[in-house]
Amino acid sequence: ADADEPSPLRSHGYPGKRALDVLGALVALVLLSPVMLIAALLIRLTSPGPVIFRQTRVGQGGAPFVMFKFRSMRTDVDDRAHREFVASLIDGKAPLSGDGTAAAPFKMKADPRVTAIGRFIRKTSIDELPQFYNVLIGDMSLVGPRPPVPYEAEKYKAWHRRRVFEMKPGLTGIWQVEGRSRVSFDDMVRMDLRYLQLCSLRFDLGILLRTVRVVLTCEGAQ
């Protein structure tokens, strides 16, 4: 076992978590539909390729699912550079950001694959809005650990895997509101495991409210 492995966790979730997910996703999709329509038009008009980016992610229990995002990258690129970046990040060898802290998990600074519109929708988190559909159909929850791509999950140590195996992945979580762009990969995992211990309706509502503030101020975004 890893020396940093946290203590065993209790069962996760609470009565009404799925109901909150469905209600929250429906309200968000209705209220944010004008923003999503404008984003879709801008992507279509400024970059060849599909508006929606579909990517396989690892969900609860290790089950794969297709996650939806607005496309922020060119379509003529491969993921080799990102694979290498993720591997170095998990190994604790990723380059530091300007303030001496670890680079944002899984987001490369000055990524040459990202389009001009893509940089804007990433900074404002608009690229993540289609994931409310993932929440609605039950692949994801509003709050929970972020779902990794398969080649990321393959690099996980045993205690890392608990962040995705023990609870449904979320659209937002503790890392997004407390450590976005400022923590190492291991610290991000510890935050996710802390969420699994503290998961409750009150805690989820608090994270959702703080997420709104973080998104509106673009705090820690890249």
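The values are calculated or read from the model by the stated rules, or taken from the named source; none is laboratory data. Keep in mind it's a predicted model, so treat the numbers as computed, not measured. A quick note on method: Cβ atoms are made from the backbone with ideal geometry, for glycine too, and the neighbour counts reach across all protein chains shown. Quick note on the areas: whole protein, heavy atoms, side chains included, nothing else; ligands and nucleic acids left out. Shrake-Rupley method; radii C 1.70, N 1.55, O 1.52, S 1.80 Å.
The length gained by stretching the chain between Arg113 and Tyr151 to full extension, at 0.36 nm per residue less their Cα-Cα distance, is 11.8 nm. Sorted largest first by accessible area at a 1.4 angstrom probe radius, with every protein chain in place, the residues Lys157, Lys168, Lys69 fall in the order Lys157, Lys168, Lys69.
With a 1.4 Å probe and all protein chains left in place, how much of the accessible area of region 115-180 comes from carbon and sulfur atoms, in whole percent?
Of the solvent-accessible surface of region 115-180, carbon and sulfur hold 59 percent.
Accessible surface for Glu152 stands near 10 Å², nearest 10, in the context of the full protein assembly shown (1.4 Å probe). Treat each spin label as a single point 7 Å out from the Cα along the C-beta direction, and report the Phe120 to Tyr133 distance in nm. Going from the Phe120 label point to the Tyr133 one covers 2.2 nm.
Mind checking the full-extension length gain between Thr75 and Arg54? Use 0.36 nm per residue of separation minus the Cα-Cα distance, one decimal, nm.
6.4 nm
Normalised per residue, the accessible area of region 117-170 is 35 Å², obtained with a 1.4 Å probe and no contribution from ligands, DNA or RNA.
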